[in-house]
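A.B. asks: Below is a structure I'd like to ask you about.
The values are calculated or read from the model by the stated rules, or taken from the named source; none is laboratory data. Predicted, not measured: the structure shown is a model, and the values here were computed from it. Counting neighbours? That spans all protein chains shown, and the Cβs are built from the backbone with ideal geometry, glycine included. Keep in mind that these areas ignore ligands, DNA and RNA; they rest on the heavy atoms of the full protein, side chains included. Shrake-Rupley method; radii C 1.70, N 1.55, O 1.52, S 1.80 Å.
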Amino acid sequence: MSQYKNVVIVGASAGGIGAARRLENSLPQTHRIVLIDACEVAFYPTSALRAAVVPGFEKQTIAPLASVFPPNSRHIVLGGTRVIGLGQNHVKLDRTLDGQQSSGDGDEIHFDKAILAIGYQYSFPSRAAGRTEEEILEGFSKVQEDVKRAESILVVGGGPVGVEFAGEVKSAHPGKKVTIVSSSERLIGHLPGLHERLKRQLENLGVELVLGDKISDDDARGLEFGRVFQGGQRPFKTLKGFELSSDLVIDGRGGRPNTSLVSTSYPDAVDERGQIKASRNLVAKCAQLSNYLVVGDANDLPVPKTAFVAQMQGKLAADNVRALVLGGGQDVSKLKEFGNPPSVMMVTLGPKGGASKVYSLTFGEWFTSLIKGKGLFVSQFKANYVAAK
Ligand SMILES: Cc1cc2nc3c(=O)[nH]c(=O)nc-3n(C[C@H](O)[C@H](O)[C@H](O)COP(=O)(O)OP(=O)(O)OC[C@H]3O[C@@H](n4cnc5c(N)ncnc54)[C@H](O)[C@@H]3O)c2cc1C
């Protein structure tokens, strides 16, 4: 039994680490953070697409969780630990804290307040291939080999994931045939200005664009399991009747909320898309989950689903948790509210290409490469997981 009251954070990615960093020195000494993640290491989706193509880059997708807090800290990290149940004041783990795996009777951790930062689920290679460092690195090595061997690659989806993947492949392997098929007539869909710039650059790279068309529902269902097909077994037929043959198919469509943990026990807590309903102060709307704040991709706030926003929400949730802890209770009237974040979207085409939208201004290759493309913010990601001296 710990001498501390717990503030549990589920998910140690952008939202969760943002909250942890803000809380570690601001919580009263009566409280400690318990940061929990199903993976043994932190995983960084932003660098996953380059890691799927460029050998050696896979190491830029992970950071150790063990060094988030200094060794003498009262705060703790439980990496490789999945939360499998949510109670009003406790979470249930998939293992006991003595290390035994469990098939349902893992330990419970009681808390004063909790933050859910459980994010989205994507198909591989946008998500981690496993829960351990070895599994994640091996997954990338395999797909790098697949990409290297394939003469032709079909990318399904013309949003940021599909477009960035096509750009990575063409930057590293200019001779390969790459096709993007997208149901939308416009790349990246909603943001005016980006489509034109990206289309021009992709065409210059030799990427074939099949826009306003889609593969059949059966083929799409196969991709939902995150399979990467190899070997050109049969062509994919589009609804308009085109046949798209390739050696390798990559699912570059967007993800969906990773919230079955919530929806199976509290179906009314999520909206029709599976996002957890939360107020602008990030407190879950479901009465039974009123001790939980929800940040990042998992909540239903109408803001972009980006790491940048998730981290901002993590910090705001941390401030609100602190206020609730210090206020000793449930008074949510004084909590901060999350407004509209800065409107920024950067889509890279490998290290040197891409386009960006910053409020109403659109920028091309030079700006996008300088700010994002060259480094993909990897150093900031890694720095988040190093304890302050
Ligand atoms: C390919 C790709 C490229 C992207 N590029 C950019 C970009 O350039 N810029 C940008 O700002 N955003 C980008 N994004 C979006 C960004 O990655 C997400 O918005 C961000 O990661 C969301 O952070 P999050 O903390 O909400 O959730 P996630 O990053 O999804 O993390 C959720 C965490 O919770 C853990 N978890 C989930 N369920 C449980 C459980 N039951 N128990 C324990 N742990 C659990 C997971 O292991 C994971 O670590 C990109 C996304 C993808 C897929």
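A.B. asks: Taking residue 98 as meeting all but one of (1) charged (D, E, K, R); (2) modelled with pLDDT under 95; (3) surrounded by 17 or more Cβ atoms within 10 Å (Cβ to Cβ), write down the number of the exception.
C.D. replies: Evaluating residue 98 over (1) charged (D, E, K, R); (2) modelled with pLDDT under 95; (3) surrounded by 17 or more Cβ atoms within 10 Å (Cβ to Cβ) leaves (3) as the failure.
A.B. asks: Quick check on the range 145-158. Is at least one of its residues in contact with a Ser or Thr (Cβ under 6 Å, 6 or more places away or on another chain), under 30 Å from residue 80 (Cα atoms) and surrounded by 21 or more Cβ atoms within 10 Å (Cβ to Cβ)?
C.D. replies: no
A.B. asks: Test residue 70 against the criterion of being within 24 Å of residue 133 (Cβ to Cβ), surrounded by fewer than 22 Cβ atoms within 10 Å (Cβ to Cβ) and within 14 Å of the ligand (Cβ to nearest atom), and give yes or no.
C.D. replies: No, not satisfied.
A.B. asks: Turning to a different aspect of this structure: So, residue 193, is that one under 18 Å from the mean Cα position of the chain (by Cα) and open to solvent by less than 30 Å² (accessible area, probe 1.4 Å) or not? Steps first, answer last, please.
C.D. replies: Details: under 18 Å from the mean Cα position of the chain (by Cα): no; open to solvent by less than 30 Å² (accessible area, probe 1.4 Å): yes.
When the stated conditions are applied, residue 193 does not pass them.
A.B. asks: Taking the criterion of being in contact (Cβ under 8 Å) with a residue 60 or more places away in the chain and either closer than 27 Å to residue 63 by Cα or in the same structural domain as residue 86 (by TED's automatic domain parsing) (or both), would at least one residue in the range 325-340 satisfy it?
C.D. replies: Yes, the range 325-340 contains at least one residue that is in contact (Cβ under 8 Å) with a residue 60 or more places away in the chain and either closer than 27 Å to residue 63 by Cα or in the same structural domain as residue 86 (by TED's automatic domain parsing) (or both).
A.B. asks: Which of the residues belonging to the range 330-383 are among the aromatic types (Phe, Trp, Tyr) and either open to solvent by 40 Å² or more (accessible area, probe 1.4 Å) or closer than 30 Å to residue 287 by Cα (or both)? Can you show your working first?
C.D. replies: At the first step, the residues of the range 330-383 found to be among the aromatic types (Phe, Trp, Tyr) are 338, 359, 363, 366-367, 377, 381.
Within the range 330-383, 338, 359, 363, 366, 367, 377 qualify.
A.B. asks: How many residues does the range 195-222 contain that are part of a helix (DSSP H, G or I), of a type in the set (A, V, I, L, M, F, W, C) and at pLDDT 95 or above? Before you say what the answer is, go through the steps one by one.
C.D. replies: Kept after step one, since they are part of a helix (DSSP H, G or I), are these residues of the range 195-222: 195-205, 217-222.
Narrowing further to those that are of a type in the set (A, V, I, L, M, F, W, C): 198, 202, 205, 220.
Those left that are additionally at pLDDT 95 or above: 198, 202, 205.
Matching residues across the range 195-222 total 3.
A.B. asks: In the range 241-291, what residues are open to solvent by 20 Å² or more (accessible area, probe 1.4 Å) and charged (D, E, K, R)?
C.D. replies: Selection gives 243, 247, 253, 256, 268, 271, 272, 273, 277, 280, 285.
A.B. asks: If you don't mind, another one. Looking at the range 165-172, is at least one residue on the phi < 0 side of the Ramachandran plot, under 16 Å from the mean Cα position of the chain (by Cα) and not assigned by TED's automatic domain parsing to the domain that holds residue 10? Reasoning before the result, please.
C.D. replies: Pass one, the range 165-172, residues on the phi < 0 side of the Ramachandran plot: 165-172.
Restricting the remaining residues to those that are under 16 Å from the mean Cα position of the chain (by Cα) gives 165.
Checking which are not assigned by TED's automatic domain parsing to the domain that holds residue 10 leaves us with 165.
So far as the range 165-172 goes, yes, one or more of its residues are on the phi < 0 side of the Ramachandran plot, under 16 Å from the mean Cα position of the chain (by Cα) and not assigned by TED's automatic domain parsing to the domain that holds residue 10.
A.B. asks: Name the residues in the range 58-67 that are farther than 17 Å from residue 23 by Cα and open to solvent by 40 Å² or more (accessible area, probe 1.4 Å), would you? Let's see the steps before the verdict.
C.D. replies: We begin by selecting, within the range 58-67, every residue farther than 17 Å from residue 23 by Cα; these are 58-64, 66.
The answer is 59, 60, 64, 66.
A.B. asks: Hey, does the range 363-376 have a residue that's away from the ligand (no atom under 13 Å from the Cβ) and in contact with a helix residue (DSSP H, G or I) (Cβ under 6 Å, 6 or more places away or on another chain)?
C.D. replies: Yes: the range 363-376 contains one or more residues that are away from the ligand (no atom under 13 Å from the Cβ) and in contact with a helix residue (DSSP H, G or I) (Cβ under 6 Å, 6 or more places away or on another chain).
A.B. asks: Which condition from (1) away from the ligand (no atom under 16 Å from the Cβ); (2) in a helix (DSSP H, G or I); (3) modelled with pLDDT under 95; (4) not basic (Lys, Arg) is the one that residue 154 breaks?
C.D. replies: It fails just one condition, (2).
A.B. asks: So, residue 15, is that one touching a helix residue (DSSP H, G or I) at 6+ places or on another chain (Cβ under 9 Å), on the phi > 0 side of the Ramachandran plot and either open to solvent by 40 Å² or more (accessible area, probe 1.4 Å) or of a type outside the set (Val, Ile, Thr) (or both) or not? Write out each step before concluding.
C.D. replies: Numbers: touching a helix residue (DSSP H, G or I) at 6+ places or on another chain (Cβ under 9 Å): yes; on the phi > 0 side of the Ramachandran plot: no; either open to solvent by 40 Å² or more (accessible area, probe 1.4 Å) or of a type outside the set (Val, Ile, Thr) (or both): yes.
Against the criterion (touching a helix residue (DSSP H, G or I) at 6+ places or on another chain (Cβ under 9 Å), on the phi > 0 side of the Ramachandran plot and either open to solvent by 40 Å² or more (accessible area, probe 1.4 Å) or of a type outside the set (Val, Ile, Thr) (or both)), residue 15 does not qualify.
A.B. asks: Can you give me the ranges of the strands (runs of 3 or more DSSP E) entirely in the range 246-353 with at least 2 residues that are away from the ligand (no atom under 15 Å from the Cβ) and among the hydrophobic types (A, V, I, L, M, F, W, C)? So that I can check it myself, show each step before the final result.
C.D. replies: Working: elements: 248-251, 292-294, 344-349.
Result: 248-251.
A.B. asks: Out of curiosity, is residue 374 in contact (Cβ under 8 Å) with a residue 12 or more places away in the chain and more than 17 Å from the chain's Cα centre (by Cα)?
C.D. replies: Details: in contact (Cβ under 8 Å) with a residue 12 or more places away in the chain: yes; more than 17 Å from the chain's Cα centre (by Cα): yes.
Yes: the conditions hold for residue 374.
A.B. asks: Continuing with the same structure: Of all the residues that make up the range 249-274, how many are basic (Lys, Arg) and out of contact with any helix residue (DSSP H, G or I) (no Cβ under 8 Å at 6 or more places or on another chain)? So that I can check it myself, show each step before the final result.
C.D. replies: Kept after step one, since they are basic (Lys, Arg), are these residues of the range 249-274: 253, 256, 273.
Checking which are out of contact with any helix residue (DSSP H, G or I) (no Cβ under 8 Å at 6 or more places or on another chain) leaves us with 256, 273.
Selection size over the range 249-274: 2.
A.B. asks: Any idea which of 84, 109 is under 30 Å from residue 288 (Cα atoms), of a type outside the set (Ser, Thr, Tyr) and within 11 Å of the ligand (Cβ to nearest atom)? I'd like the intermediate steps shown before the answer.
C.D. replies: Numbers: 109 fails: within 11 Å of the ligand (Cβ to nearest atom).
Testing whether each residue is under 30 Å from residue 288 (Cα atoms), of a type outside the set (Ser, Thr, Tyr) and within 11 Å of the ligand (Cβ to nearest atom) leaves just 84.
A.B. asks: Hey, another quick one. Checking the conditions here, which among 311, 275, 288 is at pLDDT 95 or above, out of contact with any Gly (no Cβ under 8 Å at 6 or more places or on another chain) and closer than 23 Å to residue 122 by Cα? Talk me through it step by step, then tell me what you get.
C.D. replies: Numbers: 311 fails: out of contact with any Gly (no Cβ under 8 Å at 6 or more places or on another chain); 288 fails: closer than 23 Å to residue 122 by Cα.
From the options 311, 275, 288, the qualifying one is 275.
A.B. asks: Go through (1) of a type outside the set (Lys, Arg); (2) open to solvent by 10 Å² or more (accessible area, probe 1.4 Å); (3) within 15 Å of the ligand (Cβ to nearest atom) one by one and return the number of the condition residue 125 breaks.
C.D. replies: So residue 125 meets the others, but not (2).
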